[in-house]
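The values are calculated or read from the model by the stated rules, or taken from the named source; none is laboratory data. Here the structure is a predicted model, which means the values were calculated and not measured. Neighbour counts run over all protein chains shown; Cβ positions are idealised from the backbone, glycine included. Just the protein is used for accessible areas: all its heavy atoms, side chains included, with ligands, DNA and RNA removed. Shrake-Rupley method; radii C 1.70, N 1.55, O 1.52, S 1.80 Å.
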Amino acid sequence: MKPIKVGLLGIGTVGGGTFAVLLRNQEEIARRAGCAITMAMVADKDVDKARAIAGDRVVVTADAYEIVNHPDIDIVVELIGGTGIAKELILKAIANGKHVVTANKALLANHGNEIFAAAQKKDVMVAFEAAVGGGIPIIKALREGLSANRIEWIAAIINGTSNYILTEMRDKGVSFDAALEEAQRLGYAEADPTFDIEGIDAAHKLSIMAAIGFGIPMQFSAVYTEGISKLTREDIRYAEELGYRIKLLAISKRKAQGIELRVHPTLIPERRLIANVEGVMNAVLVMGDAVGQTMYYGAGAGAEPTASAVVADLVDVARMLTADPEHRVPHLAFQPDQLSNTPILPMGQVESAYYLRLRVFDKPGVLADITRILADLGISIEAMVQKEPREGEDWVNLIMLTHLTLEQHVSDAIVKIEALPVVADKVTRIRLEEFN
Ligand code: HSE
């Protein structure tokens, strides 16, 4: 088979890693793919930098359209990111009958339905292993390895930056700001770190995994998203004293009434494997009805880990090039006409356990008032701790863990509790998952 020619759009960190991996492992890759995969063209605004990385044998251009319109290019690798020019270039490449490999989670989460429909019309493949979990082959696992299963739920640590920040805050007691600064210095964070710390990046990745796991369209706008920027060291410490770690989890569950899609800080028992995923590492826990729980762990970002996923997609596409499009693995795991319109549950209908921290006046009857509100709403308390007051203060921190309950009931309870004159400040609410 003649060599497959690849055109790369954007040669930043991951692009550079892709170059290095393709070159270093070219023989192994060709043995697997059944043909050589060669990087033929690179487009980057910084032509000098691109030339320095790509060398003399590769055509370097500042004009990405030169690549997506070039008749010799078989596969376009999009590593520009964002939802602007990257979208136009991918749609143009598809219109020109080229296959696409992308790491662009924001683009797929927001416009994936349109992109996959265009690809299906033109009988081309759009592969996106690198969009979720960096080097972890989670897309492949969900789409193919677990295809015998009815997926029940997915729970994942899929933003390395926020996991790094939470780990630093717990291990070293540093502040949120100091940990974020360090994560940025180490190059983990997105160009806009709000995407990392406010859970948006994790929500992008969750939309993609849920689509593949449950056979539903991408629905980024339906994901409930709460980040880690308001978490305090105090809550991290209290959670630890109760035997829990706090992680930013992306969770999707299949329920009788619909599908839960949510990203938020979550208490997890410290003995669970996923609670021990530290630093910039990622992990995805998947519950399938046949296999039970499986966990996928690895580097969620970085040049060569992410390149590992990009190159694996190139091999996949190269192998499938000659296959009849009808017999390829569907982009979203399920046949396009089999996607279901199962509703996404509003957050009020989500079921979870909760960590609640209240600042209350330390006097008789306060606890009775609070527990009455909870009881009236059918919320059952699993554990409760009252911390010592600070020197010279009458206000104390009261921490409650609840059993499973509806989010709406907890929201209603919080409104009532906050209205009590003996309660100072807002109630801190953090969701809790046992993963039994
Ligand atoms: N900013 C992302 C993270 C990079 O921190 O996980 C990989 O998508």
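Take the alpha-carbon centre of the range 1-33, take the same for the range 106-129, and report the distance between them in whole Å.
22
When averaged across all projection directions, what area in nm² does the alpha-carbon convex hull of the range 347-432 cover?
5.2
Carbon and sulfur atoms: what percent of the 1.4 Å accessible area of the range 98-148 do they account for? Please list the in-between numbers first.
Numbers: 790 of 1600 Å².
The C+S portion of the solvent-accessible surface of the range 98-148 is 49 percent.
With a 10 Å cut-off between alpha carbons and a GNM built on the chain, which of Phe214, Phe128, Phe361 moves the most?
Result for the chain, Cα springs under 10 Å: Phe361 fluctuates most.
Using the per-residue mean of other Cβ atoms lying within 10 Å as a proxy for protection, in what order, highest first, do the peptides 196-203, 365-372 fall?
196-203, 365-372
Between Glu144 and Gln26, how high is the FRET efficiency from 1/(1 + (r/R0)^6) when r is the Cβ-Cβ distance and R₀ = 22 Å? Nearest 0.05. Provide the component values of the computation, followed by the final result.
Working: r = 25 Å, r/R0 = 1.15.
It comes out at approximately 0.30.
Taking all pairs of distinct Cα atoms, average 1/r, flip it, and tell me the Kirkwood hydrodynamic radius of the range 124-171 in Å to one decimal place.
12.9
Could you go through the range 32-44 in sequence order and give the Karplus-derived ³J(HN,Hα) for each residue, using 6.51 cos²θ - 1.76 cosθ + 1.60 with θ = phi - 60°, rounded to whole Hz, and x for Gly and Pro?
7, 6, x, 6, 6, 10, 10, 7, 9, 9, 10, 10, 7
With viscosity set to 0.890 mPa s at 25 °C, what whole-number translational diffusion coefficient in µm²/s follows for the chain from Stokes-Einstein and a Kirkwood radius over Cα pairs?
Diffusion coefficient, whole number: 106 µm²/s.
Rounded to two decimal places and with Rh computed the Kirkwood way over Cα pairs, what is Rg over Rh for the range 254-376?
My calculation puts Rg/Rh at 1.12.
Taking the full set of protein chains and a 1.4 angstrom probe, give the accessible area of Ile94 in square angstrom, rounded to the nearest 10.
About 0 Å², rounded to the nearest 10.
On average, how much accessible surface per residue is there in the range 196-253, in Å², for a 1.4 Å probe, leaving out ligands, DNA and RNA?
28
How many percent of DSSP beta bridges within the chain run antiparallel, rounded to 5?
70
Residue by residue through the range 130-140, which ³J(HN,Hα) values in whole Hz follow from phi under the Karplus form 6.51 cos²θ - 1.76 cosθ + 1.60 (θ = phi - 60°), with glycine and proline marked x?
With the stated coefficients, the range 130-140 comes to 6, 6, 10, x, x, x, 6, x, 6, 5, 4 Hz.
Just add up the charged neighbours of Val385: K/R +1, D/E -1, any other residue whose Cβ is under 14 Å from the Cβ of Val385. Before the final figure, lay out the partial values.
Details: positive: Arg237, Arg357, Arg359, Lys387; negative: Glu234, Asp235, Glu240, Glu241, Asp362, Glu382, Glu388.
Once all neighbours under 14 Å are counted, the net charge is -3.
Can you report the principal axis dimensions of the range 145-185 using only the alpha carbons, biggest first, rounded to whole angstrom?
In descending order, the Cα extents are 45, 19, 12 Å.
Considering only protein heavy atoms and a probe of 1.4 Å, how much of the accessible area of the range 223-380 is carbon and sulfur, as a whole percent?
Details: 3460 of 6740 Å².
Carbon with sulfur: 51 percent of the solvent-accessible area.
What accessible area per residue comes out for the range 321-436, rounded to a whole number of Å², with a 1.4 Å probe?
Heavy-atom accessible area per residue stands at 54 Å².
For Thr405, what residues show an amide H to amide H distance below 5 Å, using hydrogens built from the backbone and excluding near sequence neighbours?
Close amide H contacts, sequence-distant or interchain: Ser352, Ala353.
Which log10 I(q)/I(0) values does the range 49-139 give at q = 0.20 Å⁻¹ under the Debye formula, counting every alpha carbon as one identical point scatterer?
Here log10 of I(q) over I(0) equals -0.98.
Compare the peptides 351-360, 334-343 by average per-residue count of other Cβ atoms within 10 angstrom and give them in order, highest first. Before the final figure, lay out each step's value.
Details: 351-360: 20.6, 334-343: 12.0.
Sorting 351-360, 334-343 by mean packing, highest first, produces 351-360, 334-343.
Take the alpha carbon atoms of the range 156-174, find their center, do the same for the range 375-417, and report the distance between the two centers in whole angstrom.
A separation of 26 Å, based on Cα centres.
Could you give the size of the charge dipole of the range 144-298 about its Cα centre, using +1 on the Cβ of each K and R and -1 on the Cβ of each D and E, expressed in debye and rounded to the nearest 20?
The calculated dipole for the range 144-298 is roughly 540 debye.
Sort 53-61, 322-330 by packing, meaning the average of other beta carbons within 10 Å per residue, with the highest value first.
53-61, 322-330
By the scheme Lys and Arg +1, Asp and Glu -1, what is the net charge of all other residues having a beta-carbon under 14 Å from that of Leu249?
In short, +2.
Take the range 144-298, drop everything but the C-alpha atoms, weight them equally and run the Debye formula without solvent; then report log10 I(q)/I(0) at 0.08, 0.09, 0.11, 0.19 Å⁻¹ to two decimals.
-0.22, -0.28, -0.42, -1.15
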